[in-house]
Every structure is written in structure tokens, then in C-alpha cells.
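K.L.:
Got a structure for you, written out below as C-alpha cells; questions coming shortly.
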Amino acid sequence: RKEMQNEGAPPAFRHSNGSVHPVKLPLRPEEVPQALGEYALTEMSSTSEHSDQENESPDMVVLICRANAKDQRGEGTLLENASQSNESYVTSADQTPVPSVPMKETSFSIGLQVMIPFLLAGFGTVAAHMVPDIVQQWSVFTEVSEVFILVPALLGPKGNLEMILASRLSTAANIGQMDTAKDMWKMIMGNLALIQVQATVVGFLASIAAVIFGWIPEGNFKMGHAVLLCASSVATAFIASLALGLIMIGVIIASRKVGINPDNVATPIAASLGDLITLALLAGISTGLYRELEYNDYANPLGCAFFVALTPFWVLIARAIHFTREVLYSGGEPVIIAMAISNVGGFILDKTVSNPNFAGMAVFTPVINGVGGNLVAVQASRISTYLHMNALPIAEPSPAPQKCPTPWSSFFGSALNSRSARVLFLLVAPGHLVFLYTINSMQGGHTTLTSLFIAFYLAAALLQVVILLYLADWMVNWMWHRGMNPDNFSIPYLTALGDLLGTGFLALCF
């Protein structure tokens, strides 16, 4: 870019997602390719070699068309791997692998691929929120009751991090950024380092929140217990994120090998395993560290300091890899804002759970929120991948404002995203009926499942998911056209809105 500016060339067009594409118009008609479908866009490092040719030729930008016999993918061909980072644009056709062919999906295949991880996610949510009932009599939970405050403060943001990771890796796999061993290892190392940084920060902030809301209002502060909370929270977030990150990488690589779209399976699996693994680790680690208080006063501060001290190391790795460099600085904002939105839903739950008329509210809230969040995360991940794979690589510097999608186009259009929205919506009622029956059979609720209650509950769940799927269609496209990578920003906002809508509608239902 600097060479072009120094030689007086007009500025290159910048795509809204950050990619820069200098092009030059052909000088003679015979240079125009006859079949654009058989050519691939590449880039030119400098225009100096053309500066002495034919004075009358316009000093435009250069479009190098190179025949690609293998590139006969028809509609939806990926011309360029879109990326939020300016450094990820393609420099030559020989240096970048041919991206994977977009998979043709029918409504049946989408539903079949989503259904199994969707059910696993629901069962995982039910099981995860029964863990506190099992461990609440353990000594650490009776003596340091503030550990319970860590549960919502830790699960929400950490769950968002895992679904963002799943969405980002799914898009990378679909657009060909993991097709070669070199790119795959860069993507894996960068994302694992990134999520370790984010998990450590989330764990530390969650422990501070537990200290503030647990002790400061009562004025009963104990330094030993505060350090215990910090060590338990940071260690749990760190270990759970590392384990789930490795699982997500395995799931996505395996999905591509067997011909399954990872967008359909990665985010539900991340959600189903995330809460359960995190709660189990929190119970086990906090119990072990609490026992160490009797024999070793330095175990907790050393444990906390160890994981915090690793953060600069992970930062260096994430900064060194261009796939994750920009997300390192901007990825925390949506998670923190989403935490604030979810807290509004928590406020509604806190005001209703103690009311006898709302008996059972605390049991059904995680299920309705979890199902809505899982389905909208799948849709957001799919739309983001679709935009990365099909968006034009060259755009005007100031594109015309995009029209807001209508509910009709979002749900009843002929496009692939409309088809997936219909499939996801149709999964809501059968899924919730299975989960309600599971809760009732495990005697987890404090209310009778009457036909009237089930009717109101399903109405609330369907309304929640309809709103979320429409918001996903609008939000992901809105972010894309403003140069923001939806994989990194959309899911936290959508899942937080799902928590707010689900809790509010369920309160109205009761």
C-alpha cells in the first residue's frame, strides 16, 4: 500500500471487513477473461513494474486473473477468505490453499446435524444446574457460601467465550483457513492462547464480583476466603477453557472430515459441556483448596499467582499470530456488556424466585435460556460463515446502507439462512417437551406439569426463539457491513438477550 501511495496511485478499495484489494483494469479487450468462474483473484505487491508501460494507460489498480481448473464450484464460490485483520489478505494464489468447497445443505440435513448436539446441550444444561443441589452440603459450600455467587458470574461469560471460539473455528474451517497443517496449527495455537487470556480475566473478575456482593454489604470480609475464591475461580476458568478448547478443535476437525458442517454442531456441544465441566471443576477445585487452608496458608495465593503469571505468555502467543491479534484487544468488550445484560435477567429471577407463586422458576429458567441461546448461536455462526464465504471481496469505500431484514425474509425466504431459521424454530417445541419430561421425572421442579403450564411455557419459548433468530439475522449482517467480525461480537449479545427474554417471558408465564 505504501508503494502505491508513493507512486501516486489512487488508494486501493477496502472491504468492510478489513481486506485490501488493489486491482487494475485490463488495457486491451483480449485481456478480459471470458469465463470469470474459472479465475481466482490474486494480489499484486507493487505497480512500479507497470509505470513505464504505455503513457496513455490509466494508472488504476491491477486485477490478475489466473486460470484455476479445479475451481468449478458454481454459485457460492469462495473468492476470498474474509478476515477482520488487515494482515490476513491473500498475497498470491500460490501461497494460499484453495478453500474448501461450501457444502450443499438441505433442510433435512441441517435438522439432522443440529438435532443430536441440540439435545445433548439441553441435557447438559439440566444436569449442570442439578450439580449445585448435589454439592451444596459439601464443607466448602457451607463454610464459604460465597462460592455459590461464583456460579452465575463464571458460567455466563465463560460460556460465551467457548461459543465464540466454536463459531470462530467453524468459520475458519469452512473458508479454508485450516486446510493446511501450517495454517491449522497457527489457528489452534492462537485461539488456545487467546481463550486462556480471556478465561483468566473472566475468572479473576468473577472472584472480585463474588467478594463485592458476598462480603462488602455485610462488612464481614475474610482475606483467606477471598483468596480461596480467586484461586478457585481462576483455576476453574483456566482448566475448563483449555479442556473445552481442545474438545472444540477435535469436534471441528472431525466434522469436516466426515462432511458435517461444524457450524451445526460446535456451538451446542460447547454449551452442553461448558456448564457441566465448569461446575464440576469449581466444586472439586474449591473443595481441595479449602482443605489446604488447614495445612498450608500459601497454597491458595500461589495457585492464583501461578495462573495469573501465565497470562503474559499467552498474550505473546496470541499477538504473534495474525488470526487472533485483533481479537485479543477487542474481544472482551462484548463479553462484559453481555454480562451486564444478563444481570438484568438475574435481577428478575432474584425478585421472583422467593415468591411462592413462582415456585419452580429457578429450575426452568436455565433450560429456556439455554435452549434459546444454543439455537441462536447456531444461526449466528451459520450466517457469519455464509458472509465470509459469499461476500464480495471488493466493495466501495462507503457502501450504501443495508436495509433491515423483514421477518418474512428472515423466516420464509428461499435463502439458506432462512431455511436454517425455519429448521431451528421447528426444533424448539419437541426439544422443550423432552427437557420438561426429563426435569419432571428427576423431580427437579417444584411445580406440577399441567397442560396449561406446558402450553404457556411453550408459547414463551417459541416467542423467545423467534425474536432471537430475527435479531441474529439483523445483528450479524449489521456488524458485517460495519467491518466487525460477527464471530467475535454477535454471540455474547444474542445469548445475553436470550437470558433476558427467557427469564422475562417465563415470569409472565408463571
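The values are calculated or read from the model by the stated rules, or taken from the named source; none is laboratory data. Keep in mind that what you see is a predicted model, and the values were worked out from it rather than measured. Glycine also receives a Cβ, built like all others from the backbone with ideal geometry; neighbour counts cover every protein chain displayed. Only protein heavy atoms, including side chains, enter the accessible area calculation; ligands, DNA and RNA are left aside. Shrake-Rupley method; radii C 1.70, N 1.55, O 1.52, S 1.80 Å.
K.L.:
Please give the charge dipole size of segment 267-331, origin at the Cα centre, charges +1 on K and R Cβ atoms and -1 on D and E Cβ atoms. Round to the nearest 20 debye.
P.N.:
Roughly 280 debye, rounded to the nearest 20.
K.L.:
What does the charge dipole of segment 139-269 about its Cα centre add up to, to the nearest 20 debye, if the Cβ of each Lys and Arg holds +1 and the Cβ of each Asp and Glu holds -1?
P.N.:
Once rounded to the nearest 20, the dipole reads 380 debye.
K.L.:
What ranking, highest mean first, results for peptides 320-329, 286-295 when packing means the other Cβ atoms within 10 Å averaged over each residue? Display every interim value, and only then the final one.
P.N.:
Working: 320-329: 18.4, 286-295: 15.8.
Per-residue mean Cβ counts within 10 Å order the peptides as 320-329, 286-295.
K.L.:
Hey, what's the Cα Rg ratio for segment 255-330 versus the globular rule of thumb, 2.2 N^0.38 Å?
P.N.:
That works out to 1.61 for segment 255-330.
K.L.:
Given segment 441-510 reduced to its alpha-carbon atoms as identical point scatterers, what log10 I(q)/I(0) does the Debye formula return at q = 0.16, 0.23 Å⁻¹?
P.N.:
Taking Cα atoms of segment 441-510 as identical point scatterers yields -0.65, -0.97.
K.L.:
Hey, any idea what the orientation-averaged projected area of the convex hull of segment 419-478's Cα atoms comes to, in nm²?
P.N.:
Over all viewing directions, segment 419-478 projects a mean Cα-hull area of 4.8 nm².
K.L.:
Moving on. Return the Cα extents of segment 145-226 along principal axes one, two and three, sorted largest first, each rounded to a whole Å.
P.N.:
Taking max minus min along each principal axis of the Cα atoms, segment 145-226 gives 57, 19, 14 Å.
K.L.:
For segment 166-273, what is the convex hull volume of the alpha-carbon atoms per residue, in Å³?
P.N.:
Cα-based convex hull of segment 166-273, divided per residue, equals 95 Å³.
K.L.:
Continuing with this model, one more query. Could you state the orientation-averaged shadow area of the convex hull built on the Cα atoms of segment 110-177, in nm² to one decimal?
P.N.:
Seen from a random direction, the Cα hull of segment 110-177 projects 6.1 nm² on average.
K.L.:
Given a 1.4 angstrom probe, I'd like the percentage of the accessible area of segment 241-383 that is carbon and sulfur, rounded to a whole number.
P.N.:
Within segment 241-383, the accessible surface is 68 percent carbon and sulfur.
K.L.:
Right, something else. Got a number for carbon plus sulfur as a percent of segment 166-213's accessible area, 1.4 Å probe?
P.N.:
That fraction is 78 percent.
K.L.:
Ignoring ligands, DNA and RNA, what accessible area per residue does segment 298-382 give at 1.4 Å, in Å²?
P.N.:
Value for segment 298-382: 45 Å² per residue.
K.L.:
Starting from the Cα gyration tensor of segment 215-295, multiply each eigenvalue by 5, take the square root, and state the resulting semi-axes largest first in whole Å. Mind dumping the intermediate values first?
P.N.:
Numbers: eigenvalues 270, 33, 13 Å².
Equivalent-ellipsoid dimensions as semi-axes: 37, 13, 8 Å.
K.L.:
Evaluate the Kirkwood expression for the hydrodynamic radius of segment 299-345, namely the inverse of the mean inverse distance over all pairs of different C-alpha atoms, and round to one decimal in Å.
P.N.:
Numbers: mean 1/r = 0.0779 Å⁻¹.
Value: 12.8 Å, from the Cα pair sum.
K.L.:
Further question on the same structure: Could you compute how much accessible surface K186 exposes when probed at 1.4 Å, giving the result in Å² to the nearest 10?
P.N.:
80 Å²
K.L.:
Averaged per residue, what accessible area in Å² does segment 116-245 show with a 1.4 Å probe, protein chains only? It would help to have the intermediate numbers written out before the result.
P.N.:
Working: 4610 Å² over 130 residues.
That works out to 35 Å² per residue.
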